[in-house]
Amino acid sequence: MTLAQPLTPVRWILIPALQVIMTTWLFTMPYRVFGFQPPEPVFAMVTAFAWAVIRPSVLAPFCLLLMGIGMDLIWGSPLGLWAVSLLVSYGAVLLVRNILIGQQLPILWLAFGVACALAELLGVLITQVVSHVTPRALGVISQWGVTIAVYPWAHRLIERFDDADVRFR
Amino acid sequence: MALRDSPFNEMRLPLLLSAAVALIIALVVGVTMLFSDRRETIQTQAYGVTRTMGDHVVAPVSSWITAPSRWGQSAISAVQQYFFAVSENRRLRAELSVARSWRTTAIALQDTNERYRALLGLKVNPPIAMVSGLAVADSRGPFANSRLVNIGSEKKVEVGNPVMNENGLVGRVVGVAEGVSRVLLLTDVTSRTPVLLDRTDSRAILAGDGGPNPRLDYMRGPDPVKENDLVLTSGDGGVLPRGIPVGHAVKGLDGRWRVVLLADDGAIDFVRILLFKDFRQLANTPRLNELPAPAPTATAPSSVTSAPVARPAANPNPQSPVAPTASKSGPNRPEAKSVQQAKTQATASVTKPAQPRPSAPKPTPARPVAVSKPVAVPQATPPSDAGDIPH
């Protein structure tokens, strides 16, 4: 377990955001592993979940907006799809934040899974509205699966900063 | 002073409110961007300045990021080539012996094809130029399947150009900037490609759904497709040339016909962009419109019908200035049936003596009859009858 860190925007918002963007970028490398394409997790869900659990913030929504737009530009998805999905998930977690604070790892992991499912569902709905097509369910579920597998990263972020601001314990 | 007495305790409600307001503002911006974005269209201006600028930034950074991966793959490939040289040599020898037998067949077919074309006065598309590029980024999620390629407008790449690798069609270009193009893959949810089944010549639409095997929609006929049928581009609509190999038909687990893409067997990083233009775009329409109508003659009924019909057989020179009235041709599909039909029509027309008829003249057949006065369209005249789809 890591000790709580002082809550400066650079430490809990800027650096994780850059890490997420770089990791997302790395996973766009065109390569195959044993003939199969590697998965494409939504790493930005780590920050969307952890930032909402740590404390409410004015900077976080705008940072998520920029990250979502960046992901759309990198992935070539409709501009705004991931921005809206991340922001809605962030807002949903923020609403139930009082319930999540102080919970153990399995409960938080479960909540992270629900937040990821919400983001994926929004992605499906937006695609249906914007492009008039429904993405393949198996692809959506597989992306959800690999995304919830990166929860330990979010948990580490929460552990580092959740005690940093006593006003929001 | 104890922490609970701190004046910052009063900050809790305003901070929550301001966070909520920030969230709503960010959401409004996101939704506005979402509904102002149009990425599925092939119109150049629809791609937008934001995406063009984004691609312009993403491509070089992705190229740097992927450089170590490329070096690693090159090193691994070099080691594999060294250790597996003998087995590779054996495999290539077997492949060469098969290719030699196919070469004889190909030469015979080419000769037959040329004779048919000469007989019918058939024109094919001009050969399609192409440029090779390196994919520097690849997205493969359920909502978007696209690649960034490190060549763009400086190589005359345009929106709509088809993209293929050494095995088959990969997708088409949906965005171009200086030094970078974005390729919409066949598997993308917004991708729709007109295709035909080689065995039955029946048309279908290849629709991506985010998975690795796009499905075949809008098939016609009672039994148009069977397992392992070859799927080619149909060229309908003029966006893609006809005859580019796409894949093989398979029955999906959901009971729908899907296509295993041939491009999946090829390299993922190197692609070829075909600088394809629909042959209708090559015609000089203003010049065609300028030409005066042919003057009527005294023996109009017989001469008008007989002269153009006899022209293809009498003048089989492919360089002759004839308007591009013939359809496109693909190298991989069996043309014997259609060519035979056309040949029968042409032969019947040619051998039939042109006799004056007092009654109303029979209308001139649409194909392969040329216009009554030949029109020179230099761009549309093919330099040779070589196949137009590079494989």
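All of the numbers you see were taken from the coordinates with simple rules; none came from a lab. This structure is a prediction, so every number in the text was calculated from the model and none was measured. Glycine gets a Cβ as well: all are built from the backbone with ideal geometry, and neighbour counts include every protein chain shown.
In terms of Cα to Cα distance under 14 Å, which aspartates and glutamates are near enough to B:K226, apart from those fewer than 8 places away along the same chain?
B:D198, B:D201
Please determine, in degrees from 0 to 90 and to the nearest 10, the orientation of helix A:15-26 with respect to the longest principal axis defined by the Cα atoms of chain A, where the helix direction is its Cα long axis.
Taking the Cα atoms of chain A, the angle to A:15-26 is about 20 degrees.
Using +1 at the Cβ of each Lys and Arg and -1 at the Cβ of each Asp and Glu in segment B:127-277, identify which of B:T193, B:G252, B:L134 lies farthest towards the dipole's positive end.
Projecting each Cα onto the dipole axis, the largest value belongs to B:T193.
Can you pull the mean other chain C-beta count within 10 Å for peptide A:123-135?
For peptide A:123-135, the averaged partner shielding equals 5.
For the pair B:R93 and B:E178, how long in nm is the line joining their label points, each one 7 Å along Cα→Cβ?
Once both label points are built, they end up 5.4 nm from each other.
I'd like the distance between the alpha-carbon centres of segment A:99-169 and segment B:189-258, rounded to an integer number of Å.
Rounded to whole Å, the Cα centres lie 36 Å apart.
Suppose R0 equals 41 Å; then what is the FRET efficiency for B:A85 and B:V49 from their Cβ-Cβ distance, rounded to the nearest 0.05?
Efficiency at R0 = 41 Å is approximately 0.20.
What distance in nm separates the simple spin-label points at B:D265 and B:A78, each placed 7 Å from Cα in the Cβ direction?
About 2.9 nm, to one decimal.
Rounding to the nearest 20 debye, state how big the charge dipole of segment A:30-169 is about its Cα centre with +1 on each Lys and Arg Cβ and -1 on each Asp and Glu Cβ.
80
Taking every residue in B:60-72, how many Cβ atoms of other protein chains lie within 10 Å of its Cβ, on average?
On the way: counts 0, 3, 6, 0, 0, 5, 6, 1, 1, 4, 3, 0, 1.
The mean count of partner-chain Cβ atoms within 10 Å per residue comes to 2.
Distance in nm between label sites at B:T112 and A:F34, each 7 Å beyond Cα in the beta-carbon direction?
4.6
Just add up the charged neighbours of A:A83: K/R +1, D/E -1, any other residue whose Cβ is under 13 Å from the Cβ of A:A83.
Numbers: positive: none; negative: A:D72, B:D37.
So the environment of A:A83 carries a net charge of -2.
If amide hydrogens are placed 1.01 Å from N in the peptide plane, which non-local residues have theirs closer than 5 Å to the one on B:G211?
A:R136
State which entries of B:K123/B:K155; B:K156/B:K277; B:K155/B:K277 exceed 22 angstrom in Cα-Cα distance in the structure shown.
Where the Cα-Cα span goes over 22 Å, the pairs concerned are B:K123/B:K155.
What is the set of long-range amide H partners of B:V170 at a cut-off below 5 Å, with H atoms built 1.01 Å from backbone N?
B:V163, B:M164, B:N165
With Cβ to Cβ distances under 13 Å as the rule, what net charge do the other residues near B:E166 carry (K, R +1; D, E -1)?
Neighbourhood net charge equals -2.
Under unit Cβ charges (Lys, Arg +1; Asp, Glu -1), what dipole magnitude, rounded to 20 debye, does segment B:127-277 have relative to its Cα centre?
Once rounded to the nearest 20, the dipole reads 280 debye.
If you find the alpha carbon centre of segment B:50-83 and of segment A:18-42, how far apart are they in angstrom?
One Cα centre to the other: 12 Å.
For the pair A:A149 and B:S132, what calculated FRET efficiency results from E = 1/(1 + (r/R0)^6), where r is the Cβ-Cβ distance and R0 = 35 Å, to the nearest 0.05?
0.40
I need B:I268, A:I13, B:I25 ordered by Cβ neighbour count within 10 Å, fewest first.
Listed from fewest to most nearby Cβ atoms, that is B:I25, B:I268, A:I13.
Near the amide H of B:V159, under 5 Å away, which other amide H atoms are found, from residues 5 or more places off or on another chain, if H is placed in the peptide plane?
none
For chain A, what is the calculated [θ] at 222 nm in deg cm²/dmol (nearest 500), taking -39500 (n - 2.57) for each run of four or more DSSP H residues and dividing by its residue count?
Working: 8 runs with 109 residues, N = 169.
That comes out to -20500 deg cm²/dmol.
Let's test the formula: R0 of 60 Å, r as the Cβ-Cβ distance of B:N289 and A:I99. What FRET efficiency results, to the nearest 0.05?
0.25
Residue by residue, what Karplus-based ³J(HN,Hα) values in Hz, rounded to whole numbers, does segment A:126-139 have, using 6.51, -1.76 and 1.60 with θ = phi - 60° and x for Gly and Pro?
5, 5, 5, 6, 7, 9, 6, 9, 10, x, 5, 4, 5, x
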